[in-house]
């Protein structure tokens with residue numbers, strides 16, 4: 001059995017405090033079908049939305065969805081609920097690799113997710129606490145301030161970026177008042193969203209089930225192989241299934257079913273929390289914006305201010321990334337990162353001056369496994385050399401503003417409604433990307449080559 005399969009008894013995130021008992025352990029049929037048109041491995045954001053759009057394009061397609069644990073219990077149910085595109089901060093890094101058009105392609109695609117997800121939530125009437133708002137990025141070190149200004153200015157000069165009118169930069173006292181962060185001399189705001197990600201995915205899942213999707217939870221895929229007739233044999237803990245087409249929506253766990261991704265999509269352990277008022281009779285000092293909190297390099301935190309007054313705060317990367325063994329190639333989300341609760345407990349008072357005299361508490365802390373890629377971008381499309389085997393995975397901790405439209409485009413290709421995969425070129429799986437042997441993950445995170453003392 002692969003070392004990269006999900007573990008049992010994961011920590012419980014706030015998002016699963018209202019786990020849907022109708023779907024959580026559902027097996028649509030007592031036994032697995034012998035053969036189907038499409039097997040989708042993974043029941044999270046990517047697998048569920050790909051199935052949704054596949055059924056929209058080809059209603060008669062038989063789809064079997066295989067999930068190693070309960071439905072939507074992986075990264076989607078463990079993230080920050082933050083629909084926040086990166087519209088400027090990575091601009092120059094993308095430009096250096098993919099040119100002005102390539103950088104703009106990624107930025108525009110992420111920005112389009114705001115409208116796309118809002119429209120889907122409203123079309124299907126999904127109750128998931130969706131809030132359309134603005135995100136406020138604060139920059140708390142000289143390096144982060146300089147990077148923000150340089151990238152923001154470069155983005156505004158890129159003629160291919162379509163959403164530049166949605167961003168606004170503020171300096172000095174204005175930045176501190178807008179952000180409520182005394183230590184940020186620069187802030188950048190732009191349209192973003194927040195939601196209850198588990199409820200969103202389960203809402204879409206129920207639409208799929210009503211259209212005939214066969215969901216089999218607690219059924220890990222152990223191995224896949226291509227047969228001589230071009231179909232795929234999918235081996236599970238409960239028996240084998242034959243599929244005409246195979247979709248890997250496995251994110252951090254991709255190497256468990258496709259070993260060639262072992263050093264291309266790497267499981268990275270992260271931490272997140274839920275913060276509430278210590279006194280239930282008192283409202284929290286609600287912040288209108290969602291936040292990206294930037295220090296140097298990859299050291300970032302993020303938060304959303306939920307409509308019930310609570311806060312989701314995640315990241316704690318300065319607390320994690322110096323210690324490779326705590327997070328790199330780790331799939332164990334049954335344990336917490338040491339001292340993560342303590343880190344989150346003091347963050348609101350330290351950061352926001354409107355919170356400095358307010359007493360709050362952390363009532364949920366959890367871990368989750370993110371799928372980081374060797375070049376920081378997702379792998380989407382038909383695997384080179386494997387006709388009818390598709391992948392939509394490796395979202396590098398940034399899936400909320402990337403998955404939906406990747407799923408929509410991929411479904412059209414799977415259903416043979418389009419020959420062109422309409423996503424940023426840099427996201428497409430290619431022979432060259434698969435043959436690249438450079439893994440940039442640890443370098444990008446600033447993780448030292450030698451292990452520091454444990455926390």
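Tell me, rounded to the nearest percent, the portion of alpha carbon pairs in region 61-123 spaced more than 13 Å apart.
73
For a Förster distance of 22 Å, can you work out the FRET efficiency between the beta-carbons of residue 227 and residue 260, rounded to the nearest 0.05? The partial results should precede the final answer.
Numbers: r = 19 Å, r/R0 = 0.84.
Taking R0 as 22 Å, the efficiency between residue 227 and residue 260 is 0.75.
Using alpha carbons only, how many degrees (0 to 90, rounded to 10) separate the axis of helix 142-157 from the longest principal axis of the chain?
Helix 142-157 and the main axis of the chain meet at about 70 degrees.
Based on the inverse mean of 1/r over its pairs of different Cα atoms, what is the Kirkwood hydrodynamic radius of region 305-389, in Å?
Radius from the Kirkwood sum: 16.1 Å.
Counting other beta carbons within 10 Å of each residue's own, what order do 329, 416 fall into, fewest first? Write out the running numbers ahead of the final one.
Values: 329 17, 416 9.
Least to most surrounded, the residues fall as 416, 329.
Taking Cα atoms of region 358-398, Rg/Rh with Kirkwood Rh, to two decimals?
My calculation of the ratio gives 1.32.
Once each part is reduced to its C-alpha centroid, what is the distance from region 112-155 to region 8-73 in angstrom?
28
Give the value in nm², to one decimal: projected area of the alpha carbon convex hull of region 101-150, averaged over all directions. Provide the component values of the computation, followed by the final result.
Details: hull surface 20.6 nm².
Mean projected area of the Cα convex hull: 5.2 nm².
Suppose we keep just the alpha-carbon trace of region 1-115; what are its Rg and Dmax in angstrom?
Rg and Dmax of region 1-115, Cα atoms, are 18.3, 52 Å.
For the chain, list log₁₀ I(q)/I(0) at each q in 0.07 Å⁻¹, using the Debye formula over Cα point scatterers of equal strength and ignoring solvent, two decimals each.
Evaluating at q = 0.07 Å⁻¹ gives log10 I(q)/I(0) of -0.33.
Using 7 Å Cα-to-Cβ label points, what is the residue 332/residue 242 separation (nm, one decimal)?
4.1
With an 8 Å Cα cut-off and a minimum separation of 6 or more residues, compute the relative contact order for region 325-455 in percent. If you can, show how the numbers build up before the last one.
Working: 129 pairs, mean separation 29.1, N = 131.
Relative contact order for region 325-455 comes out at 22 percent.
Counting pairs of Cα atoms in region 49-169, how many percent are more than 21 Å apart?
Above the 21 Å cut-off, region 49-169 has 56 percent of its Cα pairs.
Could you state the angle between the C-alpha long axis of helix 197-210 and the longest principal axis of the C-alpha atoms of the chain, as a value from 0 to 90 degrees rounded to the nearest 10?
Value to nearest ten degrees: 20.
What is the calculated FRET efficiency for residue 436 to residue 358, with r their C-beta to C-beta distance and R₀ = 41 Å, to the nearest 0.05? Provide the component values of the computation, followed by the final result.
Values: r = 49 Å, r/R0 = 1.18.
Computed FRET efficiency for residue 436 and residue 358: 0.25.
Based solely on its DSSP helices, what 222 nm [θ] is calculated for the chain when runs of n ≥ 4 H residues each add -39,500 (n - 2.57) and the sum is averaged over all residues, nearest 500 deg cm²/dmol?
Result for the chain: -8500 deg cm²/dmol, rounded to the nearest 500.
With viscosity set to 1.567 mPa s and temperature to 4 °C, compute the Stokes-Einstein D of region 213-364, Rh being the Kirkwood radius across alpha carbon pairs; µm²/s, no decimals. Spell out each step's value before the answer.
On the way: Rh = 18.8 Å.
Taking Rh from Cα pairs, D becomes 69 µm²/s.
Give the order of 398, 111 when sorted by the count of other beta carbons within 10 angstrom, beginning with the fewest.
Listing 398, 111 from fewest to most nearby Cβ atoms yields 398, 111.
Do you know the relative contact order of region 31-133, to the nearest whole percent, from alpha carbon pairs under 8 angstrom that are 6+ apart?
Details: 72 pairs, mean separation 21.0, N = 103.
Over region 31-133, the number comes to 20 percent.
Take the Cα pairs of region 285-350, get the Kirkwood Rh, then feed it into Stokes-Einstein at 25 °C and 0.890 mPa s and tell me D in µm²/s.
D = 184 µm²/s.
Suppose the Debye formula is applied to equal point scatterers at every Cα of region 328-455; what is log10 I(q)/I(0) at q = 0.16 Å⁻¹?
Log10 of I(q)/I(0), two decimals: -0.96.
Can you give me the angle between helix 45-57 and the longest principal axis of the chain, using Cα atoms only, in degrees from 0 to 90, rounded to the nearest 10?
Around 50 degrees separate the two axes.
Kirkwood hydrodynamic radius, region 385-437, all distinct C-alpha pairs: what's the number in Å?
On the way: mean 1/r = 0.0823 Å⁻¹.
One decimal place: 12.1 Å for the Kirkwood radius.
If you take every DSSP beta bridge whose two residues both sit in the chain, what share of them, in percent to the nearest 5, is antiparallel? Don't skip to the answer; put the middle values down first.
Working: 56 of 78 bridges.
Taking every DSSP beta bridge with both residues in the chain, the antiparallel ones total about 70 percent.
A short reminder: the numbers here are calculations on the coordinates, not readings from a lab. Note that the structure is a prediction, hence the values are computed from the model and not measured. Please note: Cβ atoms are built from the backbone with ideal geometry, for glycine as well, and neighbour counts cover all protein chains shown.
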